[in-house]
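The values are calculated or read from the model by the stated rules, or taken from the named source; none is laboratory data. Here the structure is a predicted model, which means the values were calculated and not measured. Ideal geometry is used to build each Cβ from the backbone, glycine not excepted, and the neighbour counts take in all protein chains shown.
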Amino acid sequence: MLEQKKDLLKRIYLFSDLTDRDLETLSQLAIKRRFSRDATIFWEGREAQRFFILMAGQAKLTKSSPDGKEYILRIVNPGETFGEAAVLAEAGYPATATALEDSETLYFAKADFLSLLTSSPTLARNMLATMSRLLFHLTKQLEDLSLKEVSSRLARYILDQCLERHGRLEEGLSFDLPITKTHLASYLGTISETLSRTLARLKSLGAIVEDKGHIIIKDPTALQNVAKGAKF
């Protein structure tokens, strides 16, 4: 079991380049936990006593407005960490984490992980890099929500998903949306009806073909122009 955990952990960016000794220690500290679909992993505002790695499934990090409207800050996919910023800041969780499907995680207790962090310069450096990447993601998301139209946000999301799946962008490439359209609307800071209308407009433009969440890129240039803010 420890060797299996060690093999899993060495594939995670946060733990890349760690010594075998550190990886073995991490494997001993890591605790496996499963969450069923819609289960809450942690609540916004609660004291952060642990952080997680998603090993299988999918999760969302959300904040709620006073009127109960949910805003998705981030979609967590396998191999990604979450909750670590709150553990480092010794603060409450800044968002609520919920499993979008049956999910498997590994988690580390705060005290144990911070103790290891002080003794491993490589882990500390990787943690800093992970925090920087997270900050960049959140800054970019704030910029998009503040300055760009829904059409630009959606076009950028489609482009990013295509690049993530295929490593390139060209006509004919396709992929399935990794989340429901309801969750995608929330992530893009809009409502389902507006998302549906915007998808229809991208289809009428000839930029994409879409059916039940399956996207085919038809005109990459048009999609890039919309992502940059071109009106259509």
Next item on the list: Please indicate, with yes or no, whether at least one residue in the stretch 189-212 is within 20 Å of GLU80 (Cβ to Cβ) and part of a helix (DSSP H, G or I).
Entry: no
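Is there a residue being part of a helix (DSSP H, G or I) and crowded, with 16+ Cβ neighbours inside 10 Å anywhere in the stretch 164-174?
Filtering the stretch 164-174 for residues part of a helix (DSSP H, G or I) gives 164-166.
Filter again for crowded, with 16+ Cβ neighbours inside 10 Å, leaving none.
The answer is no; no qualifying residue exists.
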Next item on the list: Inspect the stretch 16-37 for any residue being closer than 29 Å to TYR157 by Cα, touching a Phe, Trp or Tyr at 6+ places or on another chain (Cβ under 7 Å), among the hydrophobic types (A, V, I, L, M, F, W, C) and in the same structural domain as HIS137 (by TED's automatic domain parsing) and give the result as yes or no.
Entry: no
Note to self: Among the residues in the stretch 40-49, are any within 25 Å of TYR157 (Cβ to Cβ) and either at pLDDT 85 or above or outside any loop (DSSP other than H, G, I, E, B) (or both)?
What the structure shows: yes
Check: Going through the stretch 50-73 one residue at a time, which ones are buried (at least 19 other Cβ atoms within 10 Å of the Cβ), small (Gly, Ala, Ser) and assigned to a strand (DSSP E or B)?
Finding: ALA59
Notebook entry, point to check: Name the residues in the stretch 128-160 that are among the polar types (S, T, N, Q) and touching a Leu at 6+ places or on another chain (Cβ under 8 Å), would you?
Noted result: THR130, GLN141, SER151
Notebook entry, point to check: Which residues, counting only those in the stretch 103-141, are without any contact (Cβ under 8 Å) to a residue 40 or more places away in the chain and hydroxyl-bearing (Ser, Thr, Tyr)?
Noted result: SER115, THR118, SER119, SER132, THR139
Note to self: Could you list, ordered by first residue, the pairs with Cβ atoms under 6 Å in which the first is in the stretch 18-41 and touching a residue at least 12 places away in the same chain (Cβ under 8 Å) and the second is part of a strand (DSSP E or B) and surrounded by fewer than 16 Cβ atoms within 10 Å (Cβ to Cβ), at least 6 apart or interchain?
What the structure shows: ARG34/GLU104
Notebook entry, point to check: When you scan the stretch 134-175, how many residues do you find that are basic (Lys, Arg) and at pLDDT below 80?
Noted result: 1
Checklist line | Lone qualifier among LEU173, LEU188, LEU142, LEU169 - being within 27 Å of THR98 (Cα to Cα), of a type in the set (A, V, I, L, M, F, W, C) and outside the structural domain of LEU61 (by TED's automatic domain parsing) | finding: LEU188
